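The values are calculated or read from the model by the stated rules, or taken from the named source; none is laboratory data. Note that this is a predicted model, so its numbers are computed, not measured. Virtual Cβ from ideal backbone geometry, glycine too; neighbours counted across all protein chains shown.
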Amino acid sequence: MLHIYNIMLYIYTMESRNIYNRIAVLRKEKLLTRKELADKIGVNFQTIGYLEREEYNPSLDLAFRIGKVFDLPIDIIFSTEPLKPLSQLLNNNKEK
């Protein structure tokens, strides 16, 4: 029993990585309110605010649902490192 307790304590105290995202930019580009996006992916509108402020990391399932709404792969929307502006990303692709 002590072994399970130690595992649970480790998981609870383990620092999670910050997940950066472009949700706010993409949402505004599609002229969606937080509520409209929330309705499309099946979450509370407050969850969208938490995600946009990077106070909450999405589950993998939620990340895929968001990607589907924006018709983008999740690695364009989410990253474990700070994201470059989309304009810079597009300019780099044009130069290649």
Filter segment 61-89 for residues that are over 12 Å from the mean Cα position of the chain (by Cα) and among the basic types (Lys, Arg); which is nearest to residue 38 (Cα to Cα)?
68
Subset of segment 20-60, residues within 8 Å of the chain's Cα centre (by Cα), crowded, with 16+ Cβ neighbours inside 10 Å and in contact (Cβ under 8 Å) with a residue 40 or more places away in the chain, comes to 21, 22, 23, 57
Of 47, 33, 13, which residue is modelled with pLDDT under 95, β-branched (Val, Ile, Thr) and at negative phi?
13
Of all residues being in contact with a Gly (Cβ under 9 Å, 6 or more places away or on another chain) and of a type in the set (Val, Ile, Thr) in segment 64-89, which is surrounded by the fewest Cβ atoms within 10 Å (Cβ to Cβ)? Just the residue, please.
76
